[in-house]
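Structure first, commentary second.
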Amino acid sequence: MSIVRERFAGQAVMERLLIEQESVRERSPLARLFGVSPLSPNSYGWYAGALGEIEVGERLSMLPAGWTVLHALPLNAKGSDIDHIAIGPAGVFTITTRLHRHKKVWAAGHSVLVDGQKQSHIRVSLSEAARIERMLPTAPVRPVLALVDPERITFGTDRPAVEVTDARRIVRWLTSQPTVLSESEVSAIVTAVEQPDVWHGISSPDHSIRERFASLDRSIRVASSRRAIWCVAAAGIAAAMMFETVTRMV
C-alpha cells in the first residue's frame, strides 16, 4: 500500500488539534468532576473538523468496488489539505467536509450561509478541485461540499458552483452519477494521484495520532456528560427550592 493510500480520514486536522492541545494545562480533579472541557478555545474548530471528516470517511468507505478513496492529502506548508478524493467510474471528486450540526444551511452560486453567517466553503472547494485539475488536466474533476448533520439545506435561485449535499447522501449521489471513465482510465488516475511527490511533505502516517485523538475524544464526551448531569441536578435543586418557597407562602 502506498503512503498516500495509508493516510486516514481526519489525519491532518487531528495533527493540528493535538499540536494545539500540547499547550493546554491538564485539568484539575475538581475541573474534571464538574465536566470542564479539556479543549482549549482554539481547539474546538479542529475537533469539529476531525469529527466531520471521520464521518464522511466512514461513509465513503461504503462505496462499491471500482472506487478508490484517499484522505487528508497535504497541499502546502500552511497546512491546507484536501479532505477526501473519490475516484471511480463517474470521475474524480474532491470532497470538502464541514460539520454543521443542527445548523440551517443556505447555498446559491458562490455563497454559503450557516445560520445566516457567510462561509468560504465554496471558494475552498473550488480551489481544491482546481489543484487536482492542474495535476490531472485530462480528468473530469468535480468539487463536492459534504455537510455533516445540518438541520436542513436550502438552495437559492442560482445553482451552487459546487455540488452541495448532506453527507448522509454522499455515497448514493456519487454512485448515481453517469459513467465517464473506463476501468483503465480510473486505474491510471489512481496511480498518478498516489505518487507521494505530488503532495506537499507527505510521509507515512503516525497511527498513534488516531489513538491520541480517540483518548481526547473520550475525555471530551465524558466531560460533556458530566456537565449535563450537573445541569439536570441544578435544575432539580432549583425546582425543589421554588416548590418549598411556594409551599411556605401558601
So the strands (runs of 3 or more DSSP E) completely within region 92-157 holding 1 or more residues that are without any contact (Cβ under 8 Å) to a residue 40 or more places away in the chain, surrounded by 15 or more Cβ atoms within 10 Å (Cβ to Cβ) and of a type in the set (A, V, I, L, M) are 111-114
If we keep only residues of region 163-185 that are within 27 Å of ARG101 (Cα to Cα) and among the aliphatic types (A, V, I, L, M), then the residue surrounded by the fewest Cβ atoms within 10 Å (Cβ to Cβ) is VAL171
When (1) farther than 24 Å from GLY79 by Cβ; (2) modelled with pLDDT under 90 are applied to HIS207, the one that fails is (1)
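Could you please give the count of residues in region 1-54 that are among the charged types (D, E, K, R), touching a residue at least 12 places away in the same chain (Cβ under 8 Å) and crowded, with 16+ Cβ neighbours inside 10 Å? Give the steps one after another, and end with the answer.
Kept after step one, since they are among the charged types (D, E, K, R), are these residues of region 1-54: 5-7, 15-16, 20, 22, 25-27, 32, 53.
Adding the requirement that they be touching a residue at least 12 places away in the same chain (Cβ under 8 Å) leaves 5-7, 15-16, 20, 32, 53.
Filter once more, keeping what is crowded, with 16+ Cβ neighbours inside 10 Å: 7, 15-16, 20, 53.
Qualifying residue count for the region: 5.
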- Task: Determine whether region 35-44 contains at least one residue that is among the small types (Gly, Ala, Ser) and under 22 Å from ARG142 (Cα atoms).
- Result: no
Practice prompt. Considering every residue within region 62-76, establish whether at least one is surrounded by 14 or more Cβ atoms within 10 Å (Cβ to Cβ), touching a strand residue (DSSP E or B) at 6+ places or on another chain (Cβ under 7 Å) and part of a helix (DSSP H, G or I).
Written response: no
Within region 210-241, of all residues that are charged (D, E, K, R) and at pLDDT below 90, the one nearest to the chain's Cα centre (by Cα) is ASP217
Across region 177-200, the tally of residues that are assigned to a helix (DSSP H, G or I), more than 18 Å from ARG5 (Cβ to Cβ) and aliphatic (A, V, I, L, M) stands at 0
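The values are calculated or read from the model by the stated rules, or taken from the named source; none is laboratory data. Quantities reported herein were computed from a predicted structural model and do not represent experimental measurements. Note that each Cβ is placed from the backbone with ideal geometry, even for glycine, and that neighbours are counted across all protein chains shown.
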